[in-house]
Amino acid sequence: MMRLLSSTFTCAAIAIALVANFAPLVSSSLPKSELVGGSLNASMTCKTLRVGLHGNDAPTVECVQLGTSMGQSPSPNTNQRSCLGSDLHIYEDVDQQPWHRTSGQEICFYGTGFVNLTDFYIAFPFIQWNDHASSYYTGVWRGVFFRDSNGNGPSMPFSANSWANFGGSLPIKNDQLTSIRVDGQG
């Protein structure tokens, strides 16, 4: 029994050391993207993430509203901004809109290009945006949502100025969105 506990504590200590050593490096560069305006650490969440798409070039990523640190209550920040109403908004929770957001995380996109949501985090480094989308508002953008990475699996075109929850009769259900292609405005 003691040997099992000792081995469990050793594994936990190694995992904590790995996160502590690699989180600042990975979180400050984020895979395939550039973090703008600061960095996140392993215990931080970003309540609102804004992503600029630049065709085939790497996207730029900005945390425009910090969430809470794990285990801590939120601290007021009067300099917080949000996404623009014209952005493509993806919400973690159902029934969310830019003009009536009551809960959950949000990731927004502007510009044209393709992204896999596995490249973006709700809570670094543990929870990716992959399979966490529940509702959307398209702003001025049109494109295609995909259930699987790299634009594979069932797809669902979207047009400008539309809003819905994923699920119901839509081909992409709640918590299934994995990749997005934004084709342009209109």
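Overview of values
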quantity	calculated
Residue match in region 142-150 (condition: surrounded by fewer than 20 Cβ atoms within 10 Å (Cβ to Cβ) and over 22 Å from ASP57 (Cβ atoms))	yes
Lone unmet requirement of (1) over 15 Å from the mean Cα position of the chain (by Cα); (2) among the β-branched types (Val, Ile, Thr); (3) closer than 18 Å to CYS46 by Cα; (4) at pLDDT 90 or above for THR78	(4)
Filtered residues of region 114-126 (kept if under 14 Å from THR60 (Cα atoms), modelled with pLDDT under 95 and hydrophobic (A, V, I, L, M, F, W, C))	PHE120
Test: residue in region 102-113 that is more than 16 Å from the chain's Cα centre (by Cα), at pLDDT 95 or above and surrounded by fewer than 16 Cβ atoms within 10 Å (Cβ to Cβ)	no
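The values are calculated or read from the model by the stated rules, or taken from the named source; none is laboratory data. Just so it is clear, the model here is predicted, and its values are computed rather than measured. Heads up, the Cβs are rebuilt from the backbone with ideal geometry, glycines too, and the neighbour counts pull from every protein chain shown.
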